[in-house]
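**Student:** Questions regarding the structure given below will be posed in turn.
The values are calculated or read from the model by the stated rules, or taken from the named source; none is laboratory data. As the structure is a prediction and not an experimental result, all values here were calculated from the model. Cβ placement follows ideal geometry from the backbone for every residue including glycine, while neighbour counts extend to all protein chains displayed. For accessibility, only protein heavy atoms count, side chains too; no ligands or nucleic acids. Shrake-Rupley method; radii C 1.70, N 1.55, O 1.52, S 1.80 Å.
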Amino acid sequence: MFVDLSTAQAWFDTLDQDKQYPTASPEYIQLEAMQSRARRAVFYLCIEQAEFYYLAGYLTHSEQGLIDFETPRGYGGVITNVTDPKKLAHLNQACVSAFAKRGALCGFIRTIPAWQNHRQMSGDSWFDRRTVAIDLAVPDLLASYQTRARTAIRKSRKEYVCVKQATSLQEWLAFFELYQRRMSELNATQEYLYDSDYFTALSDSALAKLYLAYRDGQILAGCIVLQAGFFAEYHLSASTKDGMKYACTQACVHFAAQACQTQGVKMMHLGGGLSNDEKDPLFFFKAGFSDLHLDFNICRWIFNSAAYEALRAQYQAAGKPVNRVIFYR
């Protein structure tokens with residue numbers, strides 16, 4: 001059944017720490033849904049005695065009057081403690097039916113690499129790319145990094161770079177301005193653009209931590225890390241040109257990893273590159289912090305097969321591309 005935000009969050013907060021993931025948190029999903037007027041956050045939750053099944057994301061209403069389901073930026077998918085294959089299949093089918101009744105045509109679901117939870121879902125799933133995670137059980141994090149990451153962090157120290165956790169809204173808004181400038185320089189797509197209200201909301205959330213790199217009193221770089229249970233997720237980061245020169249982003253990642261480690265977090269997930277090429281520059285940067293590489297899989301659920309295939313055939317006949325799950329927007 002679908003539940004409201006407060007019910008979903010109250011339940012999520014009772015989960016064991018190994019079953020919580022920051023980008024599956026109802027609070028985060030609600031915040032991401034608010035980034036577009038076409039989106040509505042939805043929380044599907046079934047509880048029977050000690051067993052549970054949860055899937056959350058947002059429904060998007062397209063200009064054509066179509067509705068689809070999507071997990072937000074980051075990673076999500078089904079969270080469940082059900083292990084019996086028959087019962088899990090029944091729960092998956094019930095979930096598909098519930099979304100179909102809400103008018104949803106299909107679902108694009110980014111699953112959690114640390115859990116490989118695509119295996120608990122029906123429908124098609126496929127490998128997208130490799131991601132990087134830091135095992136925080138390692139006592140000496142710096143020693144566990146690749147030489148290039150260790151060298152960069154030591155350089156930042158020699159250049160008197162100081163990393164601190166943000167404690168004021170003023171610092172969050174300063175990072176927003178830095179992030180906005182950097183995204184403009186990169187001609188970033190809409191997916192990576194947020195307004196100041198988003199950063200203000202994160203500053204009020206226990207889910208988010210902002211780490212800032214200073215040199216001579218100036219903010220040169222920063223990164224936001226989302227944290228829930230035993231897991232942390234590297235969310236947004238940005239740097240000035242001087243920040244790159246003084247390896248400030250590497251310093252932020254290391255400081256954040258150490259902070260998470262002291263708070264009992266077991267894994268800090270850095271994500272992947274901009275492609276599935278392991279020579280991808282962003283993947284190469286992240287891989288400098290860890291040899292722990294995980295598979296990121298995407299799952300496709302078709303809630304209304306007849307309508308979906310009819311629309312797909314219509315697009316193909318018109319010569320329009322249909323290679324994406326949500327090909328019509």
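**Student:** Taking all pairs of distinct Cα atoms, average 1/r, flip it, and tell me the Kirkwood hydrodynamic radius of the chain in Å to one decimal place.
**Tutor:** Mean inverse Cα-Cα distance, inverted, gives 20.9 Å.
**Student:** In vacuum, with every alpha carbon of the stretch 199-291 counted as one equal point scatterer, what does the Debye formula give for log10 I(q)/I(0) at q = 0.11, 0.12 Å⁻¹? Two decimals, please.
**Tutor:** -0.33, -0.39
**Student:** Follow-up. Return the single residue from Thr147, Thr80, Thr131 with maximal mean-square fluctuation; model: Gaussian network over the chain, springs between Cα atoms under 10 Å.
**Tutor:** Thr147
**Student:** For the chain, what is the accessible area per residue in Å² when the probe is 1.4 Å?
**Tutor:** 48 Å²
**Student:** Now for a different question. Work out the length of the dipole vector of the stretch 88-223 about its Cα centre, built from +1 on the beta-carbon of each Lys and Arg and -1 on the beta-carbon of each Asp and Glu, and round it to the nearest 20 debye.
**Tutor:** 520 debye
**Student:** Using only the Cα atoms, work out Rg/Rh for the stretch 132-221, with Rh taken as the Kirkwood radius, to two decimals.
**Tutor:** So for the stretch 132-221, dividing Rg by the Kirkwood Rh gives 1.01.
**Student:** Name the residues of the stretch 158-193 whose amide N is less than 13 Å from a point 7 angstrom out from the Cα of Lys241 along the C-beta direction?
**Tutor:** Correct set: 185.
**Student:** With the dipole of the stretch 202-329 worked out from charges on the C-beta (+1 for Lys and Arg, -1 for Asp and Glu) around the Cα centre, which of Trp301, His269, Val225 lies farthest toward the positive end?
**Tutor:** Final value for the positive-end residue is Trp301.
**Student:** With only alpha-carbon atoms in the gyration tensor, what are the semi-axes of the equivalent ellipsoid for the stretch 51-147, in Å, largest first?
**Tutor:** After diagonalising the Cα gyration tensor, the semi-axes are 32, 19, 10 Å.
**Student:** Also, quick follow-up: Given Lys209/Lys266; Lys245/Lys266; Lys155/Lys279; Lys164/Lys279; Lys155/Lys245; Lys158/Lys245, which pairs have Cα atoms separated by over 20 Å? Present the calculation step by step, with values, prior to reporting the outcome.
**Tutor:** Values: Lys209/Lys266 16 Å; Lys245/Lys266 31 Å; Lys155/Lys279 24 Å; Lys164/Lys279 31 Å; Lys155/Lys245 10 Å; Lys158/Lys245 12 Å.
With Cα atoms farther than 20 Å apart: Lys245/Lys266; Lys155/Lys279; Lys164/Lys279.
**Student:** With a 1.4 Å probe and every protein chain kept in, tell me what percent of the accessible surface of the chain is carbon plus sulfur. Before the final figure, lay out each step's value.
**Tutor:** Numbers: 7820 of 15650 Å².
C and S atoms contribute 50 percent here.
**Student:** Asn323 to Ser168: extension gain in nm, 0.36 nm per residue of separation minus the Cα-Cα distance? All intermediate terms of the calculation are to be shown ahead of the outcome.
**Tutor:** Values: separation 155, 0.36 × 155 = 55.80 nm, distance 4.44 nm.
Stretched out fully, the Asn323 to Ser168 stretch lengthens by 51.4 nm.
**Student:** So, counting K/R as plus one and D/E as minus one, what does the shell of residues with Cβ under 12 Å around Val96 add up to?
**Tutor:** Here the count lands on +3.
**Student:** Another question about this same structure. Taking the Cα centre of the chain as origin, sum charge times position over the Cβ atoms of Lys and Arg (+1) and Asp and Glu (-1), and report the length of that vector in debye to the nearest 20. Let's see the in-between values first.
**Tutor:** On the way: 34 positive and 33 negative charges, 151 e Å.
Rounded to the nearest 20 debye, it is 720 debye.
**Student:** Give me the net charge of Tyr75's neighbourhood, meaning all other residues with Cβ under 13 Å from the Cβ of Tyr75; Lys, Arg count +1, Asp, Glu -1.
**Tutor:** Counting the neighbours of Tyr75, the net charge comes to -2.
**Student:** Also, I was wondering about something else. Using a Förster radius of 35 Å, what is the FRET efficiency between Leu193 and Gln263 based on their Cβ-Cβ separation? Nearest 0.05, please.
**Tutor:** About 0.70, to the nearest 0.05.
**Student:** Per the helix-only calculation at 222 nm, which mean residue ellipticity applies to the chain, given -39500 (n - 2.57) for every DSSP H run of n ≥ 4 and division by its residues, nearest 500 deg cm²/dmol?
**Tutor:** -10500 deg cm²/dmol
**Student:** Also, quick follow-up: Near Gln20, within a Cβ-to-Cβ distance under 15 Å, what is the net charge of the other residues, with Lys and Arg +1 and Asp and Glu -1?
**Tutor:** Numbers: positive: Lys19, Lys266; negative: Asp13, Asp16, Asp18, Glu27, Glu233.
With Lys, Arg at +1 and Asp, Glu at -1, the net is -3.
**Student:** If you average the sequence gap of Cα pairs under 8 Å that are 6 or more apart and divide by the length of the chain, what percent do you get for the contact order?
**Tutor:** Relative contact order of the chain: 24 percent.
**Student:** For the stretch 91-120 and the stretch 54-79, what is the separation of their Cα centres, given in Å?
**Tutor:** Distance between centres, Cα-based: 9 Å.
**Student:** Counting Lys and Arg as +1 and Asp and Glu as -1, each charge on the Cβ, what is the dipole of the stretch 1-148 about the Cα centre in debye, to the nearest 20?
**Tutor:** Taking the Cα centre of the stretch 1-148 as origin, the dipole is about 420 debye.
**Student:** If I take the Cα coordinates of the stretch 1-125 and project them onto the principal axes, what are the three extents in Å, biggest first?
**Tutor:** Extents along the principal axes: 40, 27, 26 Å.
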